[in-house]
Each structure stands twice: as C-alpha cells, then as structure tokens.
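Contents: one structure, followed by commentary.
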Amino acid sequence: MPHRQHLFRARNDHDHAPVTYIELFFDLVFVFAITQLSHRFLAHLDWRGAAETLVLLLAVWWIWIYTSWTTNWLDPERAHVRLMLIVLMAGGLVLSAAIPDAFGDTGLMFAIACSGMQLYRTLYMVWASTGVNDARKRNFQRISFWFLLSLPFWIGGALVEANARLALWIAALAIEYAGPFTFFRTPRLGRSSGQDWDISGAHMAERCALFIIICLGESVLVTGATFADIEQGHANWVAFLTSFAGSATMWWIYFDVGAKRGSAHISASANAGLLARNAYTYLHIPIVAGLVMTAVGDEMVIIHPTGHVGPAHIVALIGGPILFLNGNQFFKWITSGLRFPPLSHFLGLVLLSGIGIAAYLQHWQPLAIALAANGALVFTALWEWFSLHGGWQRWAPWAGPMFRWLPPPI
C-alpha cells in the first residue's frame, strides 16, 4: 500500500465521511470573513461597494468550497492533513484581515493570500494522491493549471488602481469559476469527468449546511450587537424582533425541507460529484450572498428604523431575501426531482419584487420594508410547509376551490 494512502479516508467510511472537529475549527476563520464582508458592504453601501463586496465574497466562497471538496477525500484526523488545514487557516486570517481595504492598501495582501491558499491546497492534493489515485492526481493537476491561469490577474490587479483592479479580479474569478463548469479541460491533460469526483454526498451536504449556519450566525450576531449598542426606542425594538424573525424564517426555509432532502438526494445519486458541483458549489452562492446582504439590511434597519432611504438601501433590504429565496428555489428544484421549481418560492419572489417596487415609488421607511419582506418570507415558508403536510385540502378545505388552478408542486 502506498505510504500516502493513510492520508485519505478509508473507503468503507467514504459514503458517510463525518465532519470532523478540525473542519469546524477551520470554519471559524470564515465566521470572521463573513463578518468582514458584511461590515465592508455596510461601509460602502452603493453600487460600486456592492460589486466590490461580491467579488470578495466569491473569492472567499471559492476557497471554502474547494477546501470542503478536499476534506471530503482527505482524512482530517491525520496529523499531516490537520497541519495542512491549520496552515490554510493562517492564510484565511490574513485574507479576512485584508477584506475591508482590499480595493485599497491591502489589495496585494488579499491577492497573495487568496491565490496562495488555492495553490497550496491543490498542490498538496496532487502530492497526496501520487501513487494512491492517478485519476484524482490528474484532476488536481488540472485544477492547479486553472488556478495558475488566474494568478496573474489576482496579482496584477493588486498592483493597479481600484477600477482596473475590479476588472482584473473579475477576470480572475471568471477563469476560476469556469473551471468546474468545463470539467477543468487542460492542454495535454484532457478534462475530468463526474466519475473523478467520487465524493461523499452526505459530507458535502453537511459542510454546506454548516456554512449556511455560519452566515445565519452573522445575522444573529449583527442583530444582537447592533441592538445592544444603541438607544432602544420602540421602533428599534420592533426592528430588533423583525430582524431575528427574519433570520429564523430563513433558517426554516433552508433547513426544514431543502437541507434534508438535498442530503438524501445526493447520497443516493449515482453521480454525486456532478450534483455537488451544480447544487452545492454553484447554486449555494446566491443563498450565501443573500444572507450576507440580509445581515447588512438588519444592521441598517435596527440603527435607523425610520426615515428616508435611497435605492441602495432598498436593494440591501429586499435584495438579500430575493437572492436567498432564488438560490433556494433552484437548489430545491435540482435536488427534488420536481418538474418545476417550488411554486411557494416563486410566489415569494413575486411578493418581494412587488415590495421593492412599492418601497421605491412610495418612499417606505426601512422598518416597513423589513416587515413586508419578512412577511413574504413567512408566506413562502408557510405555503411550502402546508404543501408538504396535506396541502390546503387538509388545513383549509374551504379554500380548496380557490387553489385548484395551481400546479401541485410546492
């Protein structure tokens, strides 16, 4: 047996690959990163700030999700693997510390940390797979090639002014995000296949669910910390309770159905790697982005529940729930086998869009927007729950004729 075989999870444990304590410890760095991102967006609450924060969020997510793929194969209980993750954590702290001024003085620090973490972890997998699994080794050689392609754009972007930096970093992300979509097609090495991504679906589902908890935790922390630091009037109390109710409703929407069904679906899939690429690597991005934006909206409405708001503030208050619900809609569609996306989520998105338009045209106050947006989320959660537990025929038979024209999917 090759001497590096012990670095990987035993094959008979592969289907259940438990999340380990070192993986949870690793996630602590990303609690800090998500906090930095939400605070940065709040400090730059305009279209340019939104674009910059999105670029940084996509870079952070890409590091975290690639590490989750890696620990799906590696055995984090091995000292060698633990040390690799601890080195990555150090890089993650540097990356997170650079986020607030990444488009200013700390741009080079962010770029080096981002590219360095991606290449270090990927090359480690090439080394660990040598003599153990040739297909996996070639897969990570291809991934290394794609990260090397993006490297000049990260470093070059850090050396120019902010406008050019934004363009170059978008190009770097476009290269990296195209990699899995093209199966990492690489000169002379060909392309990977879904069979090369022989992962534990349950592990991937659990890891992504834990990241959603991290993002929801940021919303809860923002809600509590902001409320504790202000003079607590009646409107602030309502905003505080509204923000917490919003976080709880988002938890319900993701975890009551989506997380459990997604885990069961990917665990039973004959091509778990391809499903993990689509449903978790890509489709969780709007869910995460929506939660980060929602945390910004929570802080804003708790501090200033009344008064005039501009378009950027309305987008922050409505855009978060819209992104979150849209991501959940397609995630649940892919992992459910339904012919159509969930009707409940579609109707929730229609309501949220209408609220955003009305808030802009009629100059609603922040608290009114937050209350209406939470109402749309509660409506979505209730519709989905009723549909899965007997529908309107069981819970409101008197309303049955009103809904007969609607399709059966939730």
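The values are calculated or read from the model by the stated rules, or taken from the named source; none is laboratory data. Note that the structure is a prediction, hence the values are computed from the model and not measured. Here Cβ is always computed from backbone atoms with ideal geometry, including for glycine, and neighbour counts include all displayed protein chains.
State yes or no: is D256 closer than 26 Å to F25 by Cα and in a loop (DSSP other than H, G, I, E, B)? No; evaluated as a whole, the condition is false for this residue.
Condition check: touching a residue at least 60 places away in the same chain (Cβ under 8 Å) and surrounded by fewer than 19 Cβ atoms within 10 Å (Cβ to Cβ). Does F340 satisfy that? Yes; evaluated as a whole, the condition is true for this residue.
Scanning segment 2-20 for residues that are at pLDDT below 95, assigned to a helix (DSSP H, G or I) and buried (at least 18 other Cβ atoms within 10 Å of the Cβ) turns up at least one hit. So G290 clears everything in (1) in contact (Cβ under 8 Å) with a residue 60 or more places away in the chain; (2) touching a Gly at 6+ places or on another chain (Cβ under 7 Å); (3) not charged (D, E, K, R) except one condition, right? Which one? All conditions are met except number (1). Among residues of segment 18-43 that are basic (K, R), those with a Cβ under 6 angstrom from a residue that is part of a loop (DSSP other than H, G, I, E, B), sequence gap 6+ or separate chain, pair up as R40/I99; R40/P100. Listed conditions (1) among the hydrophobic types (A, V, I, L, M, F, W, C); (2) surrounded by 17 or more Cβ atoms within 10 Å (Cβ to Cβ); (3) not in a helix (DSSP H, G or I) are all met by A270, apart from (2).
Evaluate the following for G233: is it more than 19 Å from S336 (Cβ to Cβ) and among the small types (G, A, S)? When the stated conditions are applied, G233 passes them. Screening E231 with (1) in contact (Cβ under 8 Å) with a residue 24 or more places away in the chain; (2) out of contact with any Pro (no Cβ under 7 Å at 6 or more places or on another chain) gives one miss only, at (1). Annotation: W61 fulfils all but one of (1) closer than 21 Å to E161 by Cβ; (2) touching a residue at least 40 places away in the same chain (Cβ under 8 Å); (3) not polar (S, T, N, Q); the unmet one is (1).
Within segment 295-307, the set of residues being of a type outside the set (G, A, S) and more than 18 Å from V60 (Cα to Cα) comprises D298, E299, M300, V301, I302, I303, H304, P305, T306.
Take segment 92-104 and flag every residue that is surrounded by fewer than 21 Cβ atoms within 10 Å (Cβ to Cβ) and either in a helix (DSSP H, G or I) or touching a Leu at 6+ places or on another chain (Cβ under 7 Å) (or both). Answer for segment 92-104, where residues must be surrounded by fewer than 21 Cβ atoms within 10 Å (Cβ to Cβ) and either in a helix (DSSP H, G or I) or touching a Leu at 6+ places or on another chain (Cβ under 7 Å) (or both): L93, V94, A97. Out of all the residues in segment 63-81, is one or more basic (K, R) and assigned to a helix (DSSP H, G or I)? Taking every residue of segment 63-81 in turn, none turns out to be basic (K, R) and assigned to a helix (DSSP H, G or I). Considering each residue of segment 219-235 in turn, at least one proves to be touching a Leu at 6+ places or on another chain (Cβ under 7 Å) and buried (at least 21 other Cβ atoms within 10 Å of the Cβ). Checking L317, L351, L275 one by one, the residue that is surrounded by fewer than 22 Cβ atoms within 10 Å (Cβ to Cβ) and touching a helix residue (DSSP H, G or I) at 6+ places or on another chain (Cβ under 9 Å) is L351 and no other.
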